[in-house]
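The values are calculated or read from the model by the stated rules, or taken from the named source; none is laboratory data. Bear in mind that the values here come from a model prediction, so they are computed numbers and not experimental data. Please note: Cβ atoms are built from the backbone with ideal geometry, for glycine as well, and neighbour counts cover all protein chains shown. These area figures cover heavy atoms from the full protein model, side chains too; ligands, DNA and RNA do not enter into them. Shrake-Rupley method; radii C 1.70, N 1.55, O 1.52, S 1.80 Å.
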Amino acid sequence: MSQDNRGGGRRAAAGRRRRKPAKRRRAVAIVAWTAAGVVVLGGAGLGYFYFKLNGNLKTVDINAALGKDRPQNVDNGSMDILVLGSDSRGGANGEYGQDDGGSARSDTAMIVHLNEGHSRASVVSIPRDTLVTRPACKTSNGRTDPGGTRRMFNESFTVGGAACAVATVEKMSGIRMDHYLEVDFTGFKKIIDTLGGVEVTTSKPIKDDYSHLDLPAGTNRLNGEQALGLVRTRHGVGDGGDLGRIQLQQAFIKALIKQVKSIGVFDNPKKLLDIADSATKALTTDKALGDVKSLMGFAQGLQGIGPDSMQMITLPVTGDLRDPNRVVPLTKESKMVWDALLADQPVPAEATANSAGDKGAIGSIVQ
């Protein structure tokens, strides 16, 4: 059922699924869902600033782009959000690599599942090099890319933008995405700098000339540039692969949430507005979240979620037998992940026991 059908199903403007009655309680790229949830709470009622923040937001109409050929709505009070980190090398992001003509890649992709009471989150990271079956997608020039098997996951965003990325995730998971959030390199840096940095503790030095990161062992307060270097680094840790980078990203997100909860931004109106301005400029959302009022309603459902109530895993994968630079999903284990999210349950430990992406050696470097 489409979100635009106001007679039933999911309410787009409210940013939530229909609740079951009585006992149902009220209602997290790497950083986009956290930023949206935290910074917009104080936005409404501030007159000029309300309209200014609305004007900052960029939106994409996922429902119109994908139509009705999508997984069925599941009305159990939970919510699923696709969060992407945009890796365009055009414009201000050009300092991080050669300009690719303004096209973008989704080098960071996470499915954030909020449980029925919005008191717990499961976050599933999808490695960029995962080979998947990509559906046909509309391209920016109005043509249709036919998709096909053995297509690298992060190419979906390059081929057809947000709508193609959502369609690819929905095809591989069988789960309808309620919302979409995207943040780019430059916006991520500004959010971290406006927060005053994020404190992380490293058990060993991390040095990566590719991401311009040079951290000594111990406790470090990272500014925006350093934080971006950490979530992008892969050459400075482990075997230099994307799976190690994902573990660093997951560790950083938990540190970021701790930072947001500890600095008391809601007691400092100027700080709050500065953060709200940076975050809304950095975000692209689906149309249903494309205004401050809707984002505020979405945010109110995230207040009870902290690092201890987040389960973070990587999609169970193994090395591809035909290409050592690619990974493929483990069929049985991946189904266990998707089934758990559909049932609004934590992902069982056995789903990741044999996965190349959750061995834990890299994630333990950053606390």
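Selection of the range 322-345 for residues being open to solvent by 40 Å² or more (accessible area, probe 1.4 Å) and either of a type outside the set (D, E, K, R) or over 24 Å from MET79 (Cβ atoms) (or both) yields ARG322, ASP323, PRO324, ASN325, ARG326, PRO329, THR331, LYS332, MET336, LEU342, ALA343, GLN345.
Residue count for the range 138-178 under the criterion of being part of a strand (DSSP E or B) and open to solvent by less than 10 Å² (accessible area, probe 1.4 Å): the result is 0. Of the set (1) under 30 Å from GLY147 (Cβ atoms); (2) surrounded by fewer than 24 Cβ atoms within 10 Å (Cβ to Cβ); (3) in contact with a Leu (Cβ under 9 Å, 6 or more places away or on another chain); (4) not aliphatic (A, V, I, L, M), all apply to PHE188 but (2). Take SER309 and decide whether it is at pLDDT 90 or above and among the hydroxyl-bearing types (Ser, Thr, Tyr). So SER309 passes the test. LEU256 meets the conditions (1) assigned to a loop (DSSP other than H, G, I, E, B); (2) open to solvent by less than 10 Å² (accessible area, probe 1.4 Å) in every case but one. The failed one is (1).
Just for the range 126-136: of the residues that are of a type outside the set (Val, Ile, Thr) and modelled with pLDDT of 95 or more, which one is surrounded by the most Cβ atoms within 10 Å (Cβ to Cβ)?
Of everything passing the filter in the range 126-136, ARG134 is surrounded by the most Cβ atoms within 10 Å (Cβ to Cβ).
Residues in the range 293-340 that are part of a loop (DSSP other than H, G, I, E, B) and in contact with a helix residue (DSSP H, G or I) (Cβ under 7 Å, 6 or more places away or on another chain) were compared, and the one that is nearest to ALA255 (Cα to Cα) is GLY306. The set of residues in the range 259-286 that are modelled with pLDDT of 85 or more, buried (at least 24 other Cβ atoms within 10 Å of the Cβ) and either within 14 Å of ILE192 (Cβ to Cβ) or among the basic types (Lys, Arg) (or both) comprises ALA279, ALA282.
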